[in-house]
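Trainee: After the structure tokens below, expect a handful of questions from me.
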Amino acid sequence: MDMQLHNSKEKIAVSDAVFASEFNEALVHQLVTAYLAGGRAGTRAQKNRAAVSGGGAKPWRQKGTGRARAGTIRSPLWRTGGVTFAAQPRDYSQKLNKKMYRAGIRSIFSELARLNRLIVVDDITVDAPKTKQLITKLADLGVEQTLIVTETGDEKLYLSARNLYRVEVTDVAGLNPVNLVGFEHVVVTVGAVRAIEEWLS
């Protein structure tokens with residue numbers, strides 16, 4: 001298929017497999033869920049009755065005191081005792097193989113292209129790390145809140161964008177499903193398109 005360059009009559013040929021595949025909503029949902037789950041720390045921890053110190057001796061004899069029988073002062077029923085269902089550190093990450101991951105990213109790019117949310121530009125650069133320059137360029141593209149994808153990292157562009165609300169700059173290596181589906185528009189350079197095709201083909 002061919003994709004139109006923004007503000008130009010020129011078109012570039014792109015891979016149908018990457019930018020014209022069928023949208024698989026279930027796979028994209030699984031992809032986003034797995035990515036977000038992988039970012040969870042899973043470090044919360046509480047002490048259960050086995051982990052709380054003390055309580056080795058029986059507080060009083062089993063019978064004859066008139067009180068309820070007790071075997072340890074670290075029972076969850078006691079103050080300073082262990083937590084009944086104590087939270088333990090765990091790994092929230094979900095298994096997702098490379099084939100599924102790439103298929104999901106292809107599905108996202110194809111849907112962005114179908115909905116005209118994918119804007120291809122020849123190049124997008126700024127002379128200096130100035131937010132005002134980037135605002136002007138985004139106004140020319142007709143977008144405000146967008147993800148900008150370049151072939152390789154551009155420090156000037158990154159510094160220009162970091163103070164703008166809902167504008168993010170990334171290279172192809174830093175792409176992830178959450179930022180692809182989270183922005184209204186995705187601005188991609190031609191060099192980045194070729195790198196994406198090489199990655200996903």
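Laboratory data are not the source of any read-out in this text; all were calculated from the coordinates shown. Computed from a predicted model, the values in this text were never measured in an experiment. All Cβ positions, even for glycine, are placed from backbone atoms using ideal geometry, and neighbour counts span all protein chains on display.
Trainee: Go through 73, 113, 7 and say which Cα lies farthest out towards the positive end of the charge dipole of the chain; charges sit on Cβ, +1 for Lys and Arg, -1 for Asp and Glu.
Mentor: Checked the options; the winner is 73.
Trainee: Grab the Cα-Cα distance for residue 98 and residue 58, subtract it from 0.36 nm times how many residues apart they are, and report the gain in nm with one decimal.
Mentor: This chain segment gains 8.8 nm when fully extended.
Trainee: A follow-up question, please. Can you give the FRET efficiency for residue 77 and residue 33, using 1/(1 + (r/R0)^6), R0 = 41 Å, r = Cβ-Cβ distance, to the nearest 0.05?
Mentor: So the FRET efficiency works out to roughly 0.60.
Trainee: Pop a pseudo-label 7 angstrom from the Cα along the beta-carbon direction at both residue 184 and residue 133 and give the gap in nm to one decimal.
Mentor: 2.6
Trainee: May I pose another question? Need the full-extension length gain, residue 164 to residue 90, defined as separation in residues times 0.36 nm minus the C-alpha distance. One decimal, nm.
Mentor: My answer for the length gained is 23.1 nm.
Trainee: Then there is this: By how many degrees, 0 to 90 and rounded to 10, does the Cα axis of helix 190-200 deviate from the longest principal axis of the chain?
Mentor: 50
Trainee: Within 10 Å, count the other beta carbons around each residue, average over each peptide in 138-145, 4-11, 156-163, and list them highest first.
Mentor: With the highest mean Cβ count within 10 Å placed first, the list reads 156-163, 138-145, 4-11.
Trainee: A further question on this structure: Compare 23, 85, 109 in a GNM of the chain, Cα atoms joined below 10 Å, and give the one with the largest fluctuation.
Mentor: Largest GNM mean-square fluctuation: 85.
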